[in-house]
1. At 0.36 nm per residue, and after removing the present C-alpha to C-alpha distance, how many nm does the segment from residue 69 to residue 561 gain when stretched out fully?
2. Over what distance in Å are the Cα centres of the stretch 115-184 and the stretch 488-523 separated?
3. Report, by chain and number, residues whose modeled amide H sits under 5 Å from the one on residue 202, excluding near sequence neighbours (fewer than 5 apart, same chain).
4. Give the Rg (one decimal place) followed by the Dmax (whole number) of the stretch 490-586, computed from C-alpha coordinates and expressed in Å.
5. Under 25 Å Cα-Cα from residue 704, which lysines qualify once same-chain neighbours fewer than 8 residues away are excluded?
6. Once you keep just the Cα pairs under 8 angstrom separated by 6 or more residues, what percentage relative contact order results for the stretch 185-309?
7. Which order do peptides 62-70, 670-678, 268-276 fall in by mean Cβ count within 10 Å, highest first?
8. If Lys and Arg each add +1 and Asp and Glu each add -1, what is the summed charge of the other residues whose beta carbon sits under 9 Å from the beta carbon of residue 701?
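We did not get these values from a lab; they are worked out from the coordinates using the rules stated. Note that the coordinates shown come from a computational prediction; the quantities given were computed from them, not determined experimentally. Reconstructed Cβ throughout: ideal geometry from the backbone, glycine too, with neighbour counts over all protein chains shown.
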Amino acid sequence: MRKIIFQLFLFSSFLFGQQIIVMSPEPGSKQSGADLLIAASLYSLENVTPEVVSLFLDEEDISGRAFIDPDMVSYVPSLLTPGIHHIKLVAGKVDSVAWSFEILGKKKAIAAERSTFSVRGDITSSSSIDKIDEVSLNVNQIAVNLKGTVFKEIGFRTKLKLTSDEDPLFQPRNIYGFGLTFGRYGHLKLGDSNPRLSHFTLAGKRIRGLDLNLMLGPINFTFIKGEVNRAIQGGSEIDQVYSHSIESDTAGTKFMALQRKGHTFGQDLLAGRFGLGRGEKFRFGLSFLKVKDIVNSVDAVIDDALIEISLADTVFGLQEGDTLTYDELINVLESQQLVLSDVSDWSGVKPRDNIVVATDLGLFLDHKRIALEGEAAFSLLNNDISQGALTLADLDTLLDSLQDNSIGGFMDLGAFPDPADYENIFVINQNMVPLSPISPELFADSGAISLGEALLSMPSLALRAKATFNYFGNLFGFEFSQVGPEFTSLANPYLVTDNREWKVTDKLRLLQNRLFFTLSYKHQNNGIAGNIENIRNQNTFSVGVNVMPGPGLPTANIKYKTVKRDNGVTEPTLIDSVSYSDNRDKTFLSNIMISTSYNFSIAKFSNSIMGTFINVEKEDGYTNRDFDTTFVDPSLSSQVISLALTTRFPFPLTTNMAVTNNTSEYSIGPGLRTNLDFLTAAINGDYKLNQLGLVVLGGVNYAKGTGAADVSWIGIKGGLRYRILENLNLNATGELRDKTANGEKSTSIIARANLAYTF
């Protein structure tokens with residue numbers, strides 16, 4: 001075993017790409033059949049929508065009865081018969097996974113429950129060497145994944161990844177994780193995990209800490225506490241820690257203004273959810289999320305930080321180009337009897353505080369053929385908590401400019417607690433977003449807006465509703481969402497804000513799942529606040545046809561999509577008497593994609609051919625743009641044609657040939673357009689030496705770009721796959737590439753290797 005571990009550290013590179021992660025049941029596991037859940041995570045996949053996801057159980061398409069969203073697929077089957085059952089999950093055309101599990105009979109189930117300990121897993125050592133354009137990057141890492149059973153329904157899972165790419169100037173790249181599962185009663189995870197509360201609160205972001213879930217019948221509770229970001233002090237190079245400027249006070253006296261930069265505050269998270277129902281027929285939840293930056297986690301003063309004076313003039317002993325540490329700068333300023341501004345003035349990244357409360361509801365009828373779901377969330381954000389909380393007196397003058405112990409003359413502040421007393425819960429000051437959660441117009445005597453309008457236009461409110469119906473091979477869905485312009489969840493930073501949209505989809509399956517029709521229409525706008533003069537509208541329509549007639553026949557996939565965009569501005573803006581700014585945005589984009597594949601045999605040669613055609617056209621809705629010399633034409637045109645052929649020979653040789661051509665025309669600046677033609681071609685093959693358990697890889701690839709990019713390269717690839725032992729496998733690849741760009745030649749080396757041991 002020591003020899004194997006030693007080998008693992010010597011060999012190098014495991015590529016962590018996008019993949020479907022099987023969550024339940026584990027491949028090859030034995031199940032009693034009670035409370036069985038089929039689940040898989042799609043979180044690591046990009047651009048996956050529910051419409052392209054299909055789930056099969058024992059070759060039966062159960063997609064319509066499963067819960068499918070962009071992050072996860074889950075299904076609770078009815079009582080399954082004892083024996084082996086097979087699952088296949090397909091996400092689009094590229095990503096798929098298949099696994100099986102066994103349902104035990106009563107006697108086997110009892111015997112399995114009495115088992116005490118089992119473990120399985122894998123250990124992978126990997127390394128990569130990249131030398132591209134004279135820039136080298138070498139990464140070594142080892143990953144250990146274990147999972148097993150301790151006793152009866154108590155299982156465990158570990159995940160460990162150590163990499164040489166770990167750097168204190170970035171967020172953690174090493175992974176440490178340990179988890180326990182308690183069957184139907186929940187789980188406990190320590191270290192790194194990706195918990196999920198709801199769509200608007202926490203939806204898969206990495207947390208380092210504690211993730212506890214308890215399920216007691218219909219009641220379930222989730223508690224999460226940990227670190228979202230670790231503190232980063234900033235770089236050690238010149239001007240990576242401080243920015244500076246010379247400013248003057250009201251008396252005209254110059255002083256040095258120094259601001260901290262290049263840092264990341266340590267950020268802690270506390271979250272919880274109380275729920276009713278297991279999601280089989282009913283689900284209700286109340287969620288709470290708090291994310292707060294730790295102000296003192298970043299030092300305001302770093303004595304040895306280097307500061308290069310970049311001032312154009314001489315100021316009291318400071319010359320442009322001087323390089324000083326913080327201490328040296330202080331000494332110079334003191335010698336000149338100058339004052340340095342407060343260095344706690346955080347430039348750029350400021351410490352923040354965030355609270356989100358949410359409620360979600362789900363109703364599932366007729367074996368989930370009817371699914372009704374909804375969620376509402378409200379957020380508070382403070383963009384700068386470095387100065388602490390306001391007092392009631394500060395709040396009085398901030399909200400209505402009058403110091404009368406009331407807001408607007410109708411809301412007595414004396415009945416409110418002092419914000420400073422609750423600073424540990426949430427920091428209330430002038431940097432809050434929103435400053436007033438509900439529009440003050442609601443309380444005006446004129447009754448400017450109704451209560452319903454005020455609530456729906458709340459800038460920090462997020463709403464989501466979804467309904468799906470699956471009958472007669474037809475999956476119909478309607479979805480509405482609204483995310484206010486000031487809604488913020490620091491644990492879910494990729495939400496698109498200031499966006500209201502509704503979407504209708506319909507997926508029809510015909511001819512025993514050999515023919516699919518997909519229709520989709522989505523409308524988006526930013527008219528949430530109600531006082532926007534020019535509302536941005538975007539309408540997207542798509543139709544798709546997928547034909548899979550069966551073995552021996554070609555498949556085809558056709559998709560057509562249009563996007564119409566209009567920001568409501570009909571006239572250019574007059575800047576002065578002679579110049580204009582044209583901020584009109586009215587475009588039409590059309591996209592058609594056609595792909596086909598065909599498996600056929602010639603003699604003893606098995607072949608698979610695939611062709612793809614993509615055409616994208618974007619047009620500007622206005623033609624009179626000449627008066628604005630700064631306007632960049634949004635129109636573009638692009639065509640992609642690709643062809644790939646895979647051949648399996650009667651001897652253990654497989655080859656892959658592919659060629660792709662991309663032709664594009666687009667703008668690169670005001671009044672400037674360019675063309676880009678890019679051709680790539682590759683041929684690769686692998687040959688299996690059965691007697692040695694060795695697969696040899698090789699290939700050649702070529703690329704040439706003209707127009708906007710004058711570049712070409714030719715690369716030679718080689719590698720191997722070798723089963724050293726029954727459970728010990730070695731993969732290694734390398735490529736040598738000669739490149740010419742704008743007349744200059746360079747050589748690149750790319751190498752990957754990994755050694756994996758499974759048990």
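1. Roughly 175.0 nm would be gained on extension.
2. First find each Cα centre; the distance between them is then 34 Å.
3. Answer set, sorted by chain and number: 197.
4. 20.8, 71
5. Straight-distance partners of residue 704: 131, 717, 739, 745.
6. On the way: 271 pairs, mean separation 29.5, N = 125.
It comes to 24 percent, rounded to a whole number.
7. Descending mean neighbour count gives 62-70, 268-276, 670-678.
8. +1
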